[in-house]
Structure formats: structure tokens, C-alpha cells
Amino acid sequence: MLIDLFNETWKELEDGSKKHSHPFRTCTMATSEISGGIRQRTINFRGLTKKKTLLFYTDLRSIKIEQIKKNPKGSVLFYNHSVQLQIFLSGIIKIHFEDSLWNDHIVNIEGKSINDYNTQNAPGKPIKNPIAVTRTKDLNFAVLELIPDTIEYLKLRDEPSRIRAVFKLKDEEWEKTFLIP
Ligand SMILES: Cc1cc2nc3c(=O)[nH]c(=O)nc-3n(C[C@H](O)[C@H](O)[C@H](O)COP(=O)(O)O)c2cc1C
């Protein structure tokens, strides 16, 4: 039974990374602010690797990069309303820039998605006119890789089908445990 929930988790994540209309196409990523608080933001889920790590794209100059450099611990939260499934994953976030994984993904940045990474000033900088954004030829593209060590599965349907489980990575094996929902 636990193995079914574990497999369902990875199947949903795989579908979310591939199908544009899947609710797991976006998720909420949380990182630690330099001041000690928590910062969350919506982010597109771009890929699931063979090593079961999750990939995201961002601007190398965004604030989350600074936060991850200081504290690489982070988490992401997905919700699929149609099956009432929430998946939480936490672990270490690795920043990829000009390495082989980055090379594999920068080729996907074309057309209007180029504009996500080419502003002259860093994202989050104050501007007077929101439509007068200067762009450059430089692509400040980075890939974020979440290497999860804890996953929580929660399906909150009517009793008795509420179900909650946690999967923890111990010595390269996923320990699986039911929790009170
Ligand atoms: C639907 C949606 C998808 C988004 N996808 C991304 C994304 O893939 N990468 C990203 O860096 N920001 C994405 N954003 C913007 C972030 O939510 C956030 O505003 C931005 O990354 C700056 O965050 P930071 O200042 O905490 O680094 C998205 C926002 C929305 C509403």
C-alpha cells in the first residue's frame, strides 16, 4: 500500500513535468530569506531526472539564488485539485550554471522565454515605468535542482479515505511511513 502511494507520487511528478495542462506544472518553492524568514514563490516545474531530482529554471540574479547560496535547504509544494493530492518535497537545492546539466537545458530557452532571463537590471529591482524594461543579449539563465530527502503525500478526501504518508531517504533507500492525516 505504501509502495503504491510512493509510486503514485513519482507518476504525478513525472506527468507534471511533461504535460503542460497538469496541475503539477507549477508549484510553490520555499527558501530561507537572508534575514531568517521564509520566502515562497510560484515556479514552473521543468523536469524530473533519472536520479529522481526536480528541475526548475530561473534568472541567475534572482533573490532566491542568493538565498540558496547562503542556505541550500528548500522545499516545493504541489497540489492537484482534481484528485485532492498534495505533495511536499524538501531537501537541498543545487544551482547549475555553465555545467553539463545547464548546457542540456539552455537549448530550451528560445522565443519569448528568452525574455525571462535577459533584463538589463536584475529581477526585483525598482523601476519607474513597468513597460520600459531594457533587455540585453545576455541570458542570465540558471537551473535549480531540488535533491529531495523527505516527501510527504496527503490525500484529503472524505473519511475513511483520508491518507497521509511520509517517505524519508535513509542510506539511499526510501523509508515509508503512514501518518495520521
Ligand atoms: C505561474 C507562474 C510561474 C512562474 N514560473 C517561474 C519560474 O519558472 N522561474 C522563476 O524563477 N520564477 C517564476 N515565476 C516568478 C516567481 O514566482 C517569482 O516572482 C520570481 O522568481 C522572483 O522570485 P525571488 O525574488 O524570490 O527570486 C513564476 C510566477 C508565476 C505566477
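Descriptive notes on the structure:
- Test: Glu110 is farther than 15 Å from Pro148 by Cβ, of a type outside the set (Phe, Trp, Tyr), at pLDDT below 95 and more than 14 Å from the ligand (Cβ to nearest atom): yes
- Residue within the range 70-77 that is in contact with a Phe, Trp or Tyr (Cβ under 8 Å, 6 or more places away or on another chain), more than 16 Å from the ligand (Cβ to nearest atom), open to solvent by 10 Å² or more (accessible area, probe 1.4 Å) and not aliphatic (A, V, I, L, M) present: no
- Scanning the range 1-47 for residues that are of a type in the set (A, V, I, L, M), surrounded by fewer than 18 Cβ atoms within 10 Å (Cβ to Cβ) and more than 13 Å from the ligand (Cβ to nearest atom) yields Met1, Leu2, Ile3.
- Residue match in the range 53-63 (condition: away from the ligand (no atom under 15 Å from the Cβ) and either open to solvent by 50 Å² or more (accessible area, probe 1.4 Å) or modelled with pLDDT of 95 or more (or both)): yes
- Single unsatisfied condition, Lys50 versus (1) open to solvent by 80 Å² or more (accessible area, probe 1.4 Å); (2) closer than 29 Å to Ala122 by Cβ: (2)
- Inter-residue pairs, beta-carbon under 8 Å, first in contact (Cβ under 8 Å) with a residue 40 or more places away in the chain and in the range 72-93, second buried (at least 16 other Cβ atoms within 10 Å of the Cβ) and basic (Lys, Arg), 6+ apart: Val83/Lys155; Gln84/Lys155; Leu85/Lys155; Gln86/Lys155
- Residue within the range 160-169 that is surrounded by 15 or more Cβ atoms within 10 Å (Cβ to Cβ) and under 20 Å from Ser17 (Cβ atoms) present: yes
- Screening Pro130 with (1) open to solvent by less than 90 Å² (accessible area, probe 1.4 Å); (2) within 16 Å of the ligand (Cβ to nearest atom); (3) more than 30 Å from Lys168 (Cβ to Cβ) gives one miss only, at (1).
- For Ile87: the one exception among (1) in contact with a Phe, Trp or Tyr (Cβ under 8 Å, 6 or more places away or on another chain); (2) open to solvent by less than 20 Å² (accessible area, probe 1.4 Å); (3) near the ligand (Cβ under 9 Å from one of its atoms): (3)
The values are calculated or read from the model by the stated rules, or taken from the named source; none is laboratory data. Values in this document were obtained by computation on a predicted structure and should not be read as measured data. Glycine gets a Cβ as well: all are built from the backbone with ideal geometry, and neighbour counts include every protein chain shown. To get the accessible areas, we keep the full protein, side chains included, count just its heavy atoms, and leave off ligands, DNA and RNA. Shrake-Rupley method; radii C 1.70, N 1.55, O 1.52, S 1.80 Å.
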